[in-house]
1. Taking the stated definitions as given, is Gly247 over 15 Å from the mean Cα position of the chain (by Cα) and part of a loop (DSSP other than H, G, I, E, B)?
2. Tell me yes or no: at least one residue of the range 358-373 is more than 28 Å from Trp199 (Cα to Cα), surrounded by 20 or more Cβ atoms within 10 Å (Cβ to Cβ) and not polar (S, T, N, Q).
3. Just to check your reading of the model, which residue among Ala430, Ala391 is under 21 Å from the mean Cα position of the chain (by Cα) and closer than 26 Å to Ile258 by Cα?
4. Under 8 Å by Cβ, and 6 or more places apart or on different chains, what pairs join a residue from the range 350-375 that is at positive phi with one that is basic (Lys, Arg)?
5. Among the residues of the range 51-62, which ones are among the charged types (D, E, K, R) and in contact with a Gly (Cβ under 9 Å, 6 or more places away or on another chain)?
6. In a loop (DSSP other than H, G, I, E, B), at pLDDT 95 or above, surrounded by fewer than 21 Cβ atoms within 10 Å (Cβ to Cβ) and within 16 Å of the ligand (Cβ to nearest atom): does that describe Gly163?
7. Restricting attention to the range 112-147, report how many residues are assigned to a loop (DSSP other than H, G, I, E, B) and more than 11 Å from the ligand (Cβ to nearest atom).
8. Against the definition (hydrophobic (A, V, I, L, M, F, W, C) and surrounded by 16 or more Cβ atoms within 10 Å (Cβ to Cβ)), how does Val67 come out, yes or no?
Amino acid sequence: MIDRPRLSALMEREGRAFAERHPRSAELFERARKSLLGGVPMNWMSKWPGAFPPFVAEARGGRFTCVDGHQYVDLCLGDTGAMTGHSPAPTVETIRRRSERGITFMLPTEDAIWVGEELARRFGLPFWQFTLTATDANRFAIRLARQVTRRPKVLVYNYCYHGTVDETFITLRDGVPGPRDGNLGPPVDPALTTRVVEWNDVDALDEALAHGDVAAVLTEPVMTNVGIVHPDPGYHATLRDLTRRHGTLLIIDETHTICAGPGGYTREAGLEPDLLVIGKPIAGGLPAGTYGFTAELAERVAREVELEHCDVGGIGGTLAGNALSLAAMRATLESVLTEDAYARTIPLAERWTQGVQEAIDSAALPWHVTRLGCRAEYLFGPTRPRNGAEAAAMDDFATQRFTHLYALNRGVLLTPFHNMALVAPQATEADIDRHTELFGEMAGELR
Ligand SMILES: Cc1ncc(COP(=O)(O)O)c(C=O)c1O
């Protein structure tokens, strides 16, 4: 469908334009290559669509400025870490005040209680623990699930992503589970630790759980990391029913789906997980993650923990639950990630969805747009995928790099993984329309 030679020519043109517009970033990248592996502080930053990433000078709300002085509408928002908008004022002010009075103690502060109470109110689970990342929260949730159930395995969905959690880097190839492409140095074959099934496949789930060796199902309530893949109607009720029937715990990872509302998809859809994980935006961009569990599970966990050895149980971390992260979480939950914020961002994401779908239709491209709350995404296929394999089959890395670079050259940043756009509370209709307009031009050039 896409004319490949034409795509290459357009990509070359956009690559040249990007390099010409960013001489200072190019200079910094050359310098960075001498001290940073691949010229970037973290390997995923190599994935930006130009020959080098734009270096950031500053950011506020839904925009950032690069060192070459160009301002961008930010629809990446740190891949959800800055979903609050950059440097939200209440969080920044709290960070400033807290950091003058001590940052980390390995002692609790009162903020921890406020945050625990607020998380309980939002997500309906009474007990909470803190980490620095959602990855760690997932790792610890899995450990606790294995410990209390005395079962060795977890179950995840094909093409899920839950952070750098060894057990989750597994995919199905022709129905056979194996390490996911790109997985570096897996400790063991993930098929030893993990069962993997397709999202929305009830029979496969039932069959996998029937082995009786799965401690927990770890899942996003809507898949967001291979494009957005919604659950079929009734799928969550069946998932909950089957996990209960097979004695398997249910861990819901709300790290991205917090875009659905202040209590995530869990509250929107009335889900009843045993454990819930969230990280990324809950401290306004400061590192913080958390996981919560039911009263029943809390009791089972408490029975397992020995006082003398509680520091070597494989959960926790020296800086986890530090005073600064908790103060930032409190300010963010109290004043930033509020009902009001969603009342702004969700209609803007609806506007983005409608505009991009109209542009796709008028260019007659076989693509579609899908949305969850304030997150929306275009996929390179005509109809909604029902599972990870279908969504992955729609992926087109070359086209993706082109559409992203086209947007970047015209002042809009998209997440460098698939085609995800996230809307900040400070975004305006004009920001959304700016993307729609350039997307329409791009679609016209690609047709
Ligand atoms: C659903 C989900 N869970 C967990 C994580 C891990 O978050 P972090 O990299 O901040 O640990 C991610 C990261 O993209 C995610 O999408």
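1. In short, yes.
2. Yes, the range 358-373 contains a residue that is more than 28 Å from Trp199 (Cα to Cα), surrounded by 20 or more Cβ atoms within 10 Å (Cβ to Cβ) and not polar (S, T, N, Q).
3. After applying the criteria, what remains is Ala391.
4. Ala364/Arg447
5. Of everything in the range 51-62, just one residue is among the charged types (D, E, K, R) and in contact with a Gly (Cβ under 9 Å, 6 or more places away or on another chain), namely Arg60.
6. Here the answer is yes, as Gly163 does meet what is asked.
7. Matching residues across the range 112-147 total 3.
8. Yes.
The values are calculated or read from the model by the stated rules, or taken from the named source; none is laboratory data. These figures come from a predicted structure and were not determined experimentally. Quick reminder, even Gly has a Cβ in these numbers, built from the backbone with ideal geometry, and neighbours come from all protein chains shown.
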